[in-house]
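Data block below; observations after.
What follows is calculated from the coordinates using simple rules that are stated; it is not laboratory data. Since the structure is predicted, the reported quantities are computational estimates derived from the model, not experimental observations. A quick note on method: Cβ atoms are made from the backbone with ideal geometry, for glycine too, and the neighbour counts reach across all protein chains shown.
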Amino acid sequence: MSQRLKDKVALVFGAGSSGPGWGNGKAAAALYAREGAWVFAVDVRAEAAEETRRVITSEGGRCIALTADVTDSAQIQAAVAAVLSEAGRIDVLHNNVGITEMGDPIEASEESWHRVLDTNLTGVFLTCKHVLPAMLEQGAGSIVNISSLASIQVNTYPYTSYYAAKAGLNHLTRSLAVRYAPNNIRVNAVLPGVIDTPLIYTQIAGQFEDVEEMRRHRNAASPMGRMGDAWDVAHAALFLASDEAKYITGVCLPVDGGKACAGR
Ligand SMILES: NC(=O)c1ccc[n+]([C@@H]2O[C@H](COP(=O)([O-])OP(=O)(O)OC[C@H]3O[C@@H](n4cnc5c(N)ncnc54)[C@H](O)[C@@H]3O)[C@@H](O)[C@H]2O)c1
């Protein structure tokens, strides 16, 4: 432990994992705690937030689990109020929540389009809406948004709404970075490429004959010949969240084994 987030308060939305093992949000929450942060782990599923809390506290870290849906402004407001009443500040806002739904505009329902945009994009607008006043009052803050390589690159999955939502998230990130740079609030994004997390087994596997074919396909998509893992994403987020990145804002950082450069 190098305590890169010593005495910081980190609020992580989507801090659970959609299956056993390490998702990006759960790993980021655990890593932040290992690095000295007091973590508030928020998830729409109480049991998922609680599992992250259990893991963090079993490692000797400090964590409180909260339940909120990022598509519901009042629930986010209540979660933020709970953090401020307990900890008095929010140094790091980490927006991990993201869902994929397949379908081009003919196949996908309007409800699906709105669900994906509301969850991936409007959710970040809403968490920022409720957290930024506290960061402005503190005169400092770091926001890390988990976007996707799909925000800058169209891959083989037919998820129109996800491409659009994550592309919007990148520019939301950049616009907030410029808007709040004078206030010492940094806003950055991480763009994971093909990552081996529990999410892919629930949201992507249906595109393939079987799980092994999916794994083969995803491994081959990376110039490194393998998928990354949740810790690759979490370490990039940790750097951006920490004071080591104090002059870095508005960056959309691929964590992709070179996939963006290879253009595949
Ligand atoms: N795994 C990959 O290959 C990959 C690639 C690119 C980007 N990403 C991005 O990584 C992020 C997710 O990674 P993960 O591995 O942690 O996923 P995950 O699904 O394991 O965890 C996300 C958590 O968010 C929670 N959640 C879902 N909807 C919510 C809502 N409305 N409000 C609050 N919580 C909600 C889920 O319950 C879950 O616990 C997403 O933003 C995704 O787009 C993943």
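Ordered by residue, what ³J(HN,Hα) values in Hz, to whole numbers, does the range 155-160 give under the Karplus form 6.51 cos²θ - 1.76 cosθ + 1.60, where θ = phi - 60° and Gly and Pro are x?
After applying 6.51 cos²θ - 1.76 cosθ + 1.60, I find 9, 8, 7, x, 10, 3 Hz.
Between rounded, prolate and oblate, where does the range 223-264 land on the alpha carbon gyration tensor, with a ≥ b ≥ c its root eigenvalues, rounded for a/c under 1.5, else prolate if a/b exceeds b/c?
oblate
Could you give each residue of the range 233-244 its phi-based ³J(HN,Hα) in whole Hz, using Karplus coefficients 6.51, -1.76, 1.60 with θ = phi - 60°, and x for Gly or Pro?
5, 5, 5, 5, 5, 4, 4, 5, 6, 7, 5, 4
Please tell me the relative contact order of the chain in percent, rounded to the nearest whole number, where contacts are Cα pairs under 8 Å and at least six residues apart.
On the way: 541 pairs, mean separation 52.7, N = 264.
That works out to 20 percent.
What FRET efficiency, computed as 1/(1 + (r/R0)^6) with R0 = 51 Å and r the Cβ-Cβ distance, is obtained for Asp104 and Ala140, rounded to the nearest 0.05?
Values: r = 43 Å, r/R0 = 0.84.
Efficiency, rounded to the nearest 0.05: 0.75.
Where the only charges are on Cβ atoms (+1 Lys, Arg; -1 Asp, Glu), what is the dipole of the range 36-158 about its Cα centre, to the nearest 20 debye?
Charge dipole of the range 36-158: 500 debye, to the nearest 20.
To the nearest 20 debye, what is the magnitude of the charge dipole of the chain about its Cα centre, counting +1 on the Cβ of each Lys and Arg and -1 on the Cβ of each Asp and Glu? Before the final figure, lay out the partial values.
On the way: 23 positive and 28 negative charges, 187 e Å.
Result for the chain is approximately 900 debye, rounded to the nearest 20.
Tell me, what HN-Hα J-couplings in whole Hz come from the Karplus equation 6.51 cos²θ - 1.76 cosθ + 1.60 at θ = phi - 60° for each residue of the range 251-257, using x for Gly and Pro?
Per residue, the Karplus-derived 3J(HN,Hα) values read 8, 10, 9, x, 10, 8, x Hz.
Does the range 85-188 come out rounded, prolate or oblate, given a ≥ b ≥ c as the square roots of the eigenvalues of its C-alpha gyration tensor, rounded meaning a/c under 1.5 and, failing that, prolate meaning a/b above b/c?
Details: a/c = 3.03, a/b = 2.16, b/c = 1.40.
Prolate, since a/c reaches 1.5 and a/b exceeds b/c.
Taking Cα atoms, how many degrees apart are the long axis of helix 211-221 and the longest axis of the chain, rounded to 10 and kept between 0 and 90?
80 degrees
Run the helix sum for the chain: -39,500 (n - 2.57) per DSSP H stretch of 4+ residues, divided by residue count, reported at 222 nm to the nearest 500 deg cm²/dmol.
-13500 deg cm²/dmol
Sequence gap of 8 or more, or different chains, plus Cα separation below 26 Å: how many lysine pairs satisfy both in the chain?
The number of close lysine pairs in the chain is 14.
Give me the net charge for the shell around Ser161: Cβ to Cβ below 13 angstrom, other residues only, Lys and Arg +1, Asp and Glu -1. Walk me through the numbers on the way to the answer.
Working: positive: Arg115, Lys166; negative: Glu101, Asp104, Glu107, Glu110, Glu111, Asp118.
Summing Lys and Arg as +1 and Asp and Glu as -1 gives -4.
Highest mean first, what order results for 32-44, 146-158, 73-85 on Cβ atoms within 10 Å?
Highest to lowest by the protection proxy: 32-44, 146-158, 73-85.
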